[in-house]
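A.B. asks: Quick one: the structure is below, questions incoming.
The values are calculated or read from the model by the stated rules, or taken from the named source; none is laboratory data. Keep in mind the model is a prediction, meaning the values are calculated, not measured. Reconstructed Cβ throughout: ideal geometry from the backbone, glycine too, with neighbour counts over all protein chains shown.
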Amino acid sequence: KNLKVEGVILERFVPLGRGKGMFDGYLRKDEWKDVIRQIIYFLDLNISAEEIIQYKAFWIDLKNNRLKGALCNLGDESMAIMPDGTIFPCRRLPISYGNILKDDLEDILKKLKELKDSLKNNLNGKCKNCEIDCVGCRALTYAVTGDLYEEDPQCFL
């Protein structure tokens, strides 16, 4: 605050690309929970870490002492388009769902919808029966376990 910074965006580190060399640098579930608790404490918010577990990224509004969470929109017609046209369902999930230069956009959107439906029906571990409808962070899960459907390694519920 003394530096006149109005806000900070906080996102999960996903060990992929050059980040694979920093695999041990991703936060484990207890560390992620501690980060969230520290943010709540710093902003003097009257909420628990469990109440905001579904958010995958945060805008920490230092100017107004607010916290805004961003939900994962995997399969919700959002996508990452790479310079060569390759479509990823998330910029951190390196599984191609087509190429915008070669494939029909309607087909790509259909595949993304199928991914979303597939996740809801095929999650493993504690994510399978979780009451929170967040599906965890599939990019982090894939980077850490190699399995898109495994439970989110940062979930502390």
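A.B. asks: When you check Val14 against the structure, is it surrounded by fewer than 17 Cβ atoms within 10 Å (Cβ to Cβ) and under 26 Å from Pro153 (Cα atoms), yes or no?
C.D. replies: Working: surrounded by fewer than 17 Cβ atoms within 10 Å (Cβ to Cβ): no; under 26 Å from Pro153 (Cα atoms): yes.
Against the criterion (surrounded by fewer than 17 Cβ atoms within 10 Å (Cβ to Cβ) and under 26 Å from Pro153 (Cα atoms)), Val14 does not qualify.
A.B. asks: Can you find a residue that is part of a loop (DSSP other than H, G, I, E, B) and among the basic types (Lys, Arg) anywhere in the range 138-149?
C.D. replies: In the first step, residues of the range 138-149 are kept if they are part of a loop (DSSP other than H, G, I, E, B); the result is 146-149.
With the extra rule that they be among the basic types (Lys, Arg), the set shrinks to none.
No.
A.B. asks: Quick one: would you say Ile87 is farther than 27 Å from Lys116 by Cβ and not in a loop (DSSP other than H, G, I, E, B)?
C.D. replies: Judged against the criteria, Ile87 is not a match.
A.B. asks: Residues that are more than 15 Å from Val135 (Cα to Cα), in contact with a helix residue (DSSP H, G or I) (Cβ under 7 Å, 6 or more places away or on another chain), part of a helix (DSSP H, G or I) and of a type in the set (A, V, I, L, M): does the range 49-62 have at least one?
C.D. replies: Checking the range 49-62: at least one residue is more than 15 Å from Val135 (Cα to Cα), in contact with a helix residue (DSSP H, G or I) (Cβ under 7 Å, 6 or more places away or on another chain), part of a helix (DSSP H, G or I) and of a type in the set (A, V, I, L, M).
A.B. asks: I've got another one for you. Among the residues of the range 39-48, are any under 29 Å from Glu131 (Cα atoms), hydroxyl-bearing (Ser, Thr, Tyr) and within 14 Å of the chain's Cα centre (by Cα)?
C.D. replies: no
A.B. asks: What residue, among those in the range 71-109 that are under 18 Å from Ala143 (Cα atoms) and of a type in the set (Lys, Arg), is surrounded by the fewest Cβ atoms within 10 Å (Cβ to Cβ)?
C.D. replies: Checking each candidate, the answer is Arg91.
A.B. asks: Related question: Could you grab me the full set of residues in the range 23-74 that are β-branched (Val, Ile, Thr) and in contact (Cβ under 8 Å) with a residue 40 or more places away in the chain? Reasoning before the result, please.
C.D. replies: Of the residues in the range 23-74, the ones β-branched (Val, Ile, Thr) are 35-36, 39-40, 47, 52-53, 60.
Within the range 23-74, Ile53, Ile60 qualify.
A.B. asks: Could you say which residue among Leu45, Leu62 is surrounded by 15 or more Cβ atoms within 10 Å (Cβ to Cβ) and at pLDDT 90 or above?
C.D. replies: Leu62
A.B. asks: Another question about this same structure. Do any residues in the range 122-136 that are in contact (Cβ under 8 Å) with a residue 24 or more places away in the chain and loosely packed, with under 13 Cβ neighbours inside 10 Å have Cβ atoms under 9 Å from those of residues that are outside any loop (DSSP other than H, G, I, E, B) and basic (Lys, Arg), where the two are at least six apart or on different chains, and which pairs are they?
C.D. replies: Note: pairs meeting the criteria are Asp133/Lys120.
A.B. asks: Which residue is nearest to Asn121 (Cα to Cα), if the candidates are limited to the range 72-84 and must be in a loop (DSSP other than H, G, I, E, B) and modelled with pLDDT of 85 or more? Spell out the reasoning first.
C.D. replies: Here is the first cut: in the range 72-84, the ones in a loop (DSSP other than H, G, I, E, B) are 72-79, 82-84.
Checking the rest, the ones that are also modelled with pLDDT of 85 or more come to 72-74, 78-79, 82-84.
Details: Cys72: 17, Asn73: 17, Leu74: 15, Ser78: 20, Met79: 21, Met82: 28, Pro83: 32, Asp84: 32 Å.
In this case the residue turns out to be Leu74.
A.B. asks: Does the range 27-37 include one or more residues that are in a loop (DSSP other than H, G, I, E, B), closer than 25 Å to Cys90 by Cα and modelled with pLDDT under 90?
C.D. replies: Within the range 27-37 (the criterion being in a loop (DSSP other than H, G, I, E, B), closer than 25 Å to Cys90 by Cα and modelled with pLDDT under 90), the answer is no, since none of the residues qualifies.
A.B. asks: What is the residue count in the range 77-97 for residues that are within 26 Å of Glu151 (Cβ to Cβ) and either out of contact with any helix residue (DSSP H, G or I) (no Cβ under 7 Å at 6 or more places or on another chain) or of a type in the set (Gly, Ala, Ser) (or both)?
C.D. replies: 7
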